[in-house]
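Asks: The structure under discussion is supplied below as structure tokens; questions concerning it will follow.
Taken together, the values in this text are just the output of simple stated rules run on the coordinates, not laboratory data. Please read these numbers as outputs of a predicted model, since none were measured by experiment. Ideal geometry is used to build each Cβ from the backbone, glycine not excepted, and the neighbour counts take in all protein chains shown.
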Amino acid sequence: MSDFENNENKLFYQYKIAAEIGDKVAMFNLAICYENGEGIKKNLEKAFYWYQKAAKNGNEYAMNNLAICYENGEGIEKNLEKAFYWYQKAEENGNKDAISNLALCYGEGIGIEKDEVKAFYWYQKAAENGNEYAMNYLAIYYENGKGKEKNLEKAFYWYQKAAENGNEDAMNNLAICYKNGKGTEKNFKKAFYWYQKSAENGKNEAMNNLAIFYENGEGTEKKLEKAFYWYQKAAENYNKVAMYNLALCHKNGKGTEKNLEKAFYWYQKAAEIDYIKAMNSLAICYGNGEGTEKNSEKAFYWYNKAAENGNEAAMNNLAFCYKIGKGIEMDLEKAFYWYQKAAEIDYIKAMFNLAVCYESGKGIEKNFKKAFHWYQKAAENGKNEAMNNLAICYENGEGTEKNLEKAFYWYQKAAENGNKVAMYNLALCYEEGIGTEKNEVEALYWYQKAAENGNEVAMNNLAICYKNGKGTEKNLKKAFCWYQKAAENGSKVAMKSLAICYEYGKGTEKNLEKAIYWYQEVENGNEIAMNSLAICYKNGEETKRKLEKAFYWYQKAAENGNIDAMSKLALCFGEGIGIEKDEAKAFYWYQKAAENGNEVAMNNLAIYYKNGEGTKKSLGKSFYWYQKAAVNGNEIAMNSLAICYKNGEGTKRKLKKAFYWYQKAAENGNIDAMFSLALFFGEGIGIEKDEAKAFYWYQKAAENGNEVAMNSLATCYENGKGTEKKLEKAFYWYQKAAENGSKVAMKSLAICYEYGKGTEKNLENAFCWYQKAVKNGNDDAMKNLAMCYENGNGTEKNLEKASYWYQKAAQQGISNVQYKPGFLYRIGKVKKVLEKHVYWSKNAEKESLSANKWIENALKYGKVKFISYKELKNTERLYAGGFGTISKAIWTKTNNYVICKKLTNTTYIKNDLLDAFIHELKVHLHLNYSDRIIRCFGISLDPKTNEYFLIMQYANDGDLQNYLKNTFKDLTWDDKKKLAFQIADGLNYLHNENILHRDLHSKNIVIHENNAKIMDFGISKNQDNQTSTAYVGNFGVVAYMEPRRFVDPNFLYINASDVYSFGVLMWEISSGYPPFKDNDNKVALAVSISNGAREVTILGTPKEYENLYKNCWNQEPEERSTINEILDEFERMGFGNIATNEGIYLLFTSVYLL
């Protein structure tokens, strides 16, 4: 026996003796010895006996412990009323521990009726007496409003007191307060601190919470290994939530190696101690064979357990098991039951599945109203498949009233949430104007999104958009690409279109073998394939236009009943394609095809009757077949029928009917009919005169390429007929008509330029168009051309030519010109003109030589580095630029590519271009080195041709416009913001160097190693001196130009002008294509922009990015963001200015600038 044990024995006997003679302290100590087995064998009955003796003798500690014995049934039968009694007695005798226990009795109703007010009172007493256990409970009461009004600040106060007094439960609770901002400000660092303290003191709930903080990097650095450690500690301490989280770590390889077996183990441990989420996860493991053998029955068992315990995900999974008979017999009614249970407790997936049950009548009677209800619930809770189906309900009026606007709304929501079917449906809405305005650009966008997500119908429709130029520029290559994708994904419609592409070489090289392959795929060898095969032979270069075979297959197909082939066979006979020309047989087959409903054949049959080809001429029968074809929708026949009625051919002259069929033909897209209809409205033929409608149809015809209509439309705008007088638009349409070959419009366009009607006065352009009009046979323009030569308007004064054109006009009978040629000769003006020509030629040459001298001086005095032409190898011409040609070469000193800007024939070049060349060189001399600017290394001279080169830095990804075109689909928003930031940074550098760029657009930004750089300073200016010999005029690309320049050509460029261009560039980066790309009329575009027109925001653009570029392109320069404000905004977006503009003078030794 040890000394310690001897001492315990001695103490026990001393306590016993003293107790037996009535010492109440000894009685209490003797009870403790019996309770703990100190100095004597443990005996709870005797412990109880002596606690009772001591208590009855007034020992308050014994009273408290006696109460504990009664509460827990230790040494005596459990008796909660007596427990409460003795706690109360102990408290009345001053025992502080009893206060807390008494509070617990009131709080839990132990031996006394539950009374939270009294519980609160006694916890407060105990807490104020320093009991940290009571402090924690007092805080709980304040937090939950138990026995006292809820007070989170006081709850926080007492948790803090308890925690500081070492209570690990309070530490965890205090951490929760800091985490959630309860009673104090949110503070994750302090929350982390107290979770850590509590965990280190053994609180397993805190261990789990601490792990969560490590996992998410809340209040501390993210450390997955530590998260894993604490999940494991808490799990080993039987925390079921931690077990589940530990399983997730093993499953996903977070903080440890991925280990599905261990994940399964901990799911199982948590499930076995009734953690419901783990039951569902365990079922998934069994269902998928993750970490264990696949076992559908066990999966079903655990889904069932979890579902019966209220786990909504498990209910949904259990329903699926019943639906497909996985681990249990198939039972659609039970599947429905569990989908319903899960849906009713707001499980979103189940809401959707329940809706499907109601819609399809699986496990329940079909009920579209209930299907709609649950689709709506699921959609409102973010289920994108439900959004699409809800939209379908609204579109078709299933289970609800038809509402196309709501259908559109939900298709849009679903599409924006990534549902590819909804993307396709949304595209259809935009294309057809279902629930929204028609918008071909948006339709294209969503077809593309759906196609990129694998929807083959969308692929086909996207191809059609590219084919027809709907919502985008016409692009047959892209059309072909998407037909091919759709065909490879099984679209029969796309297969046929793909075959046509190969057949006619649309968007790809002609390949009749592939055309035949795809025709066969789609038609499986029937008469339609025969017809298509015939077409292939007819058009085929690979088959050396074996027209006999084409004819053969048309004939086979026609004889097998293919109506289209009948019409084609008729064409073969009519044109002698693959067979000898035979108009009678052509007529026969047109008649056969027409009688079988082919409206093209009907129209051609009418032509044959009209011209007496292959049959006797008959205007009556011609009229009959035009009418048949027109009624069957052939717009060419509609137009021809209108002509019949107008001219009384084959029928009585009826202008009202002529009007009717022109209108029908026009509404069906016949351009000639649109023009004729406009004429009828304008002149009141067959209808009441209506200039507004005449204007409308001139516009339609003009927009469809009819140059006569373009001219008439321009006249409407010029004279305010049927529309407001708008000279800018008159100018626009005269220009379009002239460019499309209308000689009348050419003259009118020239007049616009001469007198500044709808455009700026430009005599050079006026002269050019008078000249074009004359060359195209407009005799009236001869007089105007002569006047230009006479007065030197837009050209050099040349009285010989003036006399010549007056003479020509006179010969054509143009009035008021007959006297002019003789008059010029008589007054002797003709000879004198040559002297001035010689003077100006010499002067121009002199100016060019002086500008050329500047380059030689710059080299001579070391202002610029000279690079020997011999150092440039493998020169490759890229394209022609403003100064001459642009090439790339390898500079042997660096073994890297450089760009060579060649100024061609510098001795005799137009002075303004030479000045601009020198000017760009001077700007580069002024600029220190910056990562954001394309560097100029120096100048070189070709010794053979005496041609100068600027040697510039080469950019490996080309200009921004092409870079976006090629890589846009791979760019994230961070990539786009980065590009915009780099351009802004470069612009800031220029402005800090006191340089205005003045021509900032996407062809003047290049990309080198994924970094944007600014180039092309041919028209840049020092802000202190905006005059130069360099020619600039109305410089710049219209879409990017300072709008004030359109209104006032004398408006001086300022920093804000470059900022405007930068705003347009930001929009271009967001869209991937240039601004106003479909507007080829510069004047009209300039007018629109000066009136406030801007591009529309691209869907998905971050708001802060949109706001920034809109501030940049504000109409008023003073209201635009400054470059510093722009950089500040990018810093808020996470793009700080890390580039340095080092003041290193590389290659240049002096700084000079005009």
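Asks: Tell me the label-point distance for the pair L11, E1116, using the 7 Å Cα-to-Cβ offset, in nm and rounded to one decimal.
Replies: Calculated label separation equals 9.1 nm.
Asks: A further question follows. Find how many whole Å separate the alpha carbon centroid of the stretch 138-182 from the alpha carbon centroid of the stretch 45-110.
Replies: After rounding, the separation between the Cα centres reads 28 Å.
Asks: Under 1.5 on a/c is rounded, so check that first for the stretch 594-685, then, if it is not, pick prolate when a/b is larger than b/c and oblate when it is not; a ≥ b ≥ c are the square roots of the alpha carbon gyration tensor eigenvalues.
Replies: It is oblate, given that a/c is not under 1.5 and a/b is not larger than b/c.
Asks: Taking 0.36 nm per intervening residue step and subtracting the Cα-Cα distance, what contour gain separates K186 from N295 on full extension?
Replies: Contour length minus the Cα-Cα distance gives 34.6 nm.
Asks: Here's a follow-up. Report, in whole Å, the centroid distance computed from the Cα atoms of the stretch 307-336 and the stretch 654-705.
Replies: After rounding, the separation between the Cα centres reads 66 Å.
Asks: Let me ask something additional. Can you tell me, using C-alpha contacts under 8 Å and at least 6 residues apart, the relative contact order of the stretch 383-451 as a whole percent?
Replies: 26
Asks: When V1047, V522 are ordered from fewest to most other Cβ atoms inside 10 Å of their Cβ, what list results?
Replies: Numbers: V1047 12, V522 19.
Lowest count first: V1047, V522.
Asks: Considering the dipole of the stretch 209-338 built from charges on the beta carbon (Lys and Arg +1, Asp and Glu -1) around the Cα centre, which of G255, I276, A314 is farthest to its positive end?
Replies: Going by the Cα projections, it comes out as G255.
Asks: Hey, another quick one. Using only helices, what value at 222 nm comes out for the chain when you add -39,500 (n - 2.57) per DSSP H run of length 4 or more and divide by the total residues, to the nearest 500 deg cm²/dmol? Walk me through the numbers on the way to the answer.
Replies: Numbers: 55 runs with 722 residues, N = 1154.
Computed mean residue ellipticity for the chain: -20000 deg cm²/dmol.
Asks: Given axes a ≥ b ≥ c from the Cα gyration tensor, I'd like to know whether the chain is rounded (a/c under 1.5), prolate (a/b larger than b/c) or oblate.
Replies: Taking the square roots of the gyration eigenvalues as a ≥ b ≥ c, the chain is prolate.
Asks: About the Cα centre of the chain, what is the dipole size in debye to 20, counting +1 per Lys and Arg Cβ and -1 per Asp and Glu Cβ, all else neutral? Mind dumping the intermediate values first?
Replies: Working: 151 positive and 148 negative charges, 1018 e Å.
In total the dipole reaches around 4880 debye.
Asks: Under a cut-off of 24 Å between alpha-carbon atoms, report the lysines in cross-link reach of K581, not counting same-chain residues fewer than 8 places apart.
Replies: Within the straight-line cut-off, K581 pairs with K538, K544, K546, K549, K556, K568, K592, K610, K616, K617, K621.
Asks: Mind sorting W697, W518 by how few other Cβ atoms lie within 10 Å of their own Cβ, fewest first?
Replies: W518, W697
Asks: Moving to a separate point now. Report the Rg/Rh value for the stretch 383-451, based on alpha-carbon coordinates and the Kirkwood definition of Rh.
Replies: Details: Rg = 10.7 Å, Rh = 11.3 Å.
Checking Rg against Rh, the ratio lands at 0.95.
Asks: Hey, could you grab the Kirkwood Rh for the stretch 1-86? Inverse mean 1/r over distinct alpha carbon pairs, Å, one decimal. Mind dumping the intermediate values first?
Replies: Numbers: mean 1/r = 0.0786 Å⁻¹.
Taking every pair of different Cα atoms in the stretch 1-86, averaging 1/r and inverting gives 12.7 Å.
Asks: For the stretch 85-202, report the convex hull volume of the alpha-carbon atoms normalised per residue, in Å³, without decimals.
Replies: That works out to 87 Å³ per residue.
Asks: How high is the relative contact order of the chain, in percent, with contacts defined as C-alpha pairs under 8 Å that are six or more residues apart?
Replies: Normalised by residue count, the contact order of the chain is 3 percent.
Asks: When the C-alpha atoms of the stretch 966-1132 are aligned to their principal axes, what extent does each axis show, in angstrom, from largest down?
Replies: Taking max minus min along each principal axis of the Cα atoms, the stretch 966-1132 gives 44, 35, 30 Å.
Asks: State to the nearest 20 debye the size of the charge dipole of the stretch 966-1132 about its Cα centre, where the only charges are +1 on K and R beta carbons and -1 on D and E beta carbons.
Replies: The dipole magnitude comes to about 400 debye.
Asks: In Å, what Rg and Dmax follow from the Cα atoms of the stretch 224-296?
Replies: 11.3, 35
Asks: What FRET efficiency comes out for S868 versus H1008 if R0 is 25 angstrom and r is the Cβ-Cβ distance? Round to the nearest 0.05. Don't skip to the answer; put the middle values down first.
Replies: On the way: r = 25 Å, r/R0 = 0.99.
It comes to 0.50.
Asks: What is the stretch 161-226 by shape, rounded, prolate or oblate, if you read a ≥ b ≥ c off the alpha carbon gyration tensor as root eigenvalues and call it rounded for a/c under 1.5, prolate for a/b larger than b/c, and oblate otherwise?
Replies: Verdict is oblate for the stretch 161-226.
Asks: Please tell me the relative contact order of the stretch 966-1132 in percent, rounded to the nearest whole number, where contacts are Cα pairs under 8 Å and at least six residues apart.
Replies: 25 percent.
Asks: How far, in nm, would the chain grow between K223 and E724 when pulled straight, counting 0.36 nm per residue and subtracting the alpha carbon separation? Could the numbers behind the result be given before it?
Replies: Numbers: separation 501, 0.36 × 501 = 180.36 nm, distance 7.09 nm.
Separation in residues times 0.36 nm, less the Cα-Cα distance, equals 173.3 nm.
Asks: If R0 is 30 Å, what FRET efficiency do you get for V1096 and E380 from their C-beta distance, rounded to 0.05?
Replies: Approximately 0.55, to the nearest 0.05.
Asks: Given N residues in the stretch 671-835, what is Rg(Cα) / (2.2 N^0.38 Å)?
Replies: Against the empirical 2.2 N^0.38 Å value, I get 1.20 for the stretch 671-835.
Asks: To continue, here is another question. Among G111, Q196, N216, which residue has its Cα furthest toward the positive end of the charge dipole of the stretch 78-225, with +1 on Lys/Arg Cβ and -1 on Asp/Glu Cβ?
Replies: Checked the options; the winner is N216.
Asks: Let me know the charge dipole size of the stretch 90-240 about its Cα centre in debye, to the nearest 20, where only the beta-carbon of Lys, Arg (+1) and Asp, Glu (-1) is charged.
Replies: Details: 21 positive and 23 negative charges, 104 e Å.
Dipole size: approximately 500 debye.
Asks: To make sure I understand, if each residue's beta carbon is the centre and we count other beta carbons within 10 Å, what order do D931, D582 fall in, fewest to most? Walk me through the numbers on the way to the answer.
Replies: On the way: D931 18, D582 15.
The fewest-first ordering by Cβ neighbours comes to D582, D931.
Asks: As an exercise, use a Förster radius of 35 Å and the Cβ-Cβ distance of K969 and N216 to find the FRET efficiency, rounded to the nearest 0.05.
Replies: Result of the calculation: an efficiency of 0.60.
Asks: Using 7 Å Cα-to-Cβ label points, what is the D1048/K654 separation (nm, one decimal)?
Replies: 6.4
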